[in-house]
Amino acid sequence: MTGTVLTEEGRLSLLLRQLKWAEEKTAFYRTAFERAGIRAASVASFADMARLPFWESAEEEGADAPFFMLTLPLSSILRMSVLHDGAEQGKIHCYTQGDVARQVQSAADMLAACGVNRASTVLLAGDFTDSRTLDLQYALDGIGAAVLPCMAETAAHLLHAAVPDTIIAWEHDLPALADVMGNLCVNRLITVGNHPAPQTFVREMAEHVAVRRAHLFAPVQMGALVGVTCSVGAGIHLEERLFFAEVVDDTGRSSHADGACGQLVLSTITAEAMPILRYRTGISARIVREKCGCGDVRLRVIEEKQHGR
């Protein structure tokens, strides 16, 4: 990915500021921290993140209140969105102007890493009430690409009326596009899903219809695009300007070291409206910190293969 690469010290500084912000601005995190017997000031290193409670255990206390995690009054919020991952019940997520600006820039960098440029004609199929789809739309506008925005149900009409060289679609929408895309061969297919690696049926479909393929990782709980597939190897490059990743093994030990394996746990480090701290994704993954063959020095997350995937 292009864009500014933060140093280890820079990422830690953002993370510590995020913890302080979350504690100061929400009773939700203050209560969770107090129950764990810690304060934001108790965290001085990445390793200290293991002392914090996991997000889901604390979330249960406010599950019936949509804005229980909101750090700012609604008057300070630029965007409210209901995010969906297929059949999963939607989750309300809020964003400040700063949140949106950072996410759109990150999305633009990811798309550029996928090869999208101002000469591209892109069909963007998705739910435009979902903030992550809007981020992609604004990022494409910023790049200068010609964009054909549509819902998955109406994509067939646009695919017949225009000839995009790139298609961006959510994994759960691809079945609706399968018939019409079966007769196409596009230059690039970019899928968006809630796993670092695309689902098996998506990979098979992509191999059939696209010359080039890429994947964006966007778990609904994080509210934004989290990473993009490496151009020369397995896994996704994490957007470390916005997120911190660790893995937790079967014994409960947390690590963010090179080669560490376990359940992927994500935290925001710059979110203003709704910080998410230590969300267990349920995804088995390995963290790789060595410089990638594509030249990207950002952390790489490789999903461990599971039966049926």
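Quick note: the coordinates plus some simple rules give every number you see, no bench work behind them. Being a predicted model, the structure only gives us computed values, none of them experimental. So basically every Cβ, Gly included, is an ideal-geometry build from the backbone, and we count neighbours across all protein chains shown.
Placing unit charges on C-beta atoms (Lys and Arg positive, Asp and Glu negative, everything else neutral), compute the dipole magnitude of the range 86-204 about its Cα centre in debye, rounded to 20.
280
The alpha carbon centroids of the range 242-309 and the range 102-141 are separated by 23 Å. Centre-to-centre, using Cα atoms only, the range 148-209 and the range 17-34 are separated by 41 Å. In summary, the lysines within cross-link reach of Lys91, defined as a Cα separation below 23 angstrom excluding same-chain residues under 8 places away, comprise Lys25. Kirkwood hydrodynamic radius (Cα pairs, Å) of the range 8-303? By the Kirkwood definition, the hydrodynamic radius is 19.7 Å. Taken about its Cα centre, the chain carries a charge dipole of roughly 660 debye when the Cβ of each Lys and Arg holds +1 and the Cβ of each Asp and Glu holds -1. Backbone N atoms of the range 147-181 closer than 12 Å to the 7 Å Cα→Cβ label point of Val211 belong to residues 165-166. For the range 46-51, backbone phi angles converted through the Karplus equation (6.51, -1.76, 1.60; θ = phi - 60°) give residue-by-residue couplings of 4, 4, 5, 4, 4, 7 Hz, Gly and Pro being listed as x. Couplings 3J(HN,Hα) for the range 106-114, derived from phi with the Karplus relation 6.51 cos²θ - 1.76 cosθ + 1.60 (θ = phi - 60°), are 4, 4, 5, 5, 5, 5, 5, 5, 7 Hz, where x marks Gly and Pro. Taking the dipole about the Cα centre of the chain, with the C-beta of Lys and Arg at +1 and of Asp and Glu at -1, give me whichever of Leu299, Met110, Met222 is farthest to the positive side. Towards the positive end, the residue furthest out is Leu299. Considering only Ile77, Ala156, Ser255, the residue lying farthest towards the positive end of the dipole of the range 8-303 is Ser255, judged by Cα position with unit charges set on Cβ. Our coupling estimate for the range 216-222, obtained by passing each phi through the Karplus curve with A = 6.51, B = -1.76, C = 1.60 and θ = phi - 60°, is 10, 9, 8, x, 4, 5, 7 Hz, Gly and Pro reported as x. Based on Cα contacts under 8 Å between residues 6+ apart, the chain shows a relative contact order of 17 percent. For the range 158-309, the Kirkwood radius over C-alpha pairs fed into Stokes-Einstein at 10 °C and 1.306 mPa s yields D = 97 µm² per second.
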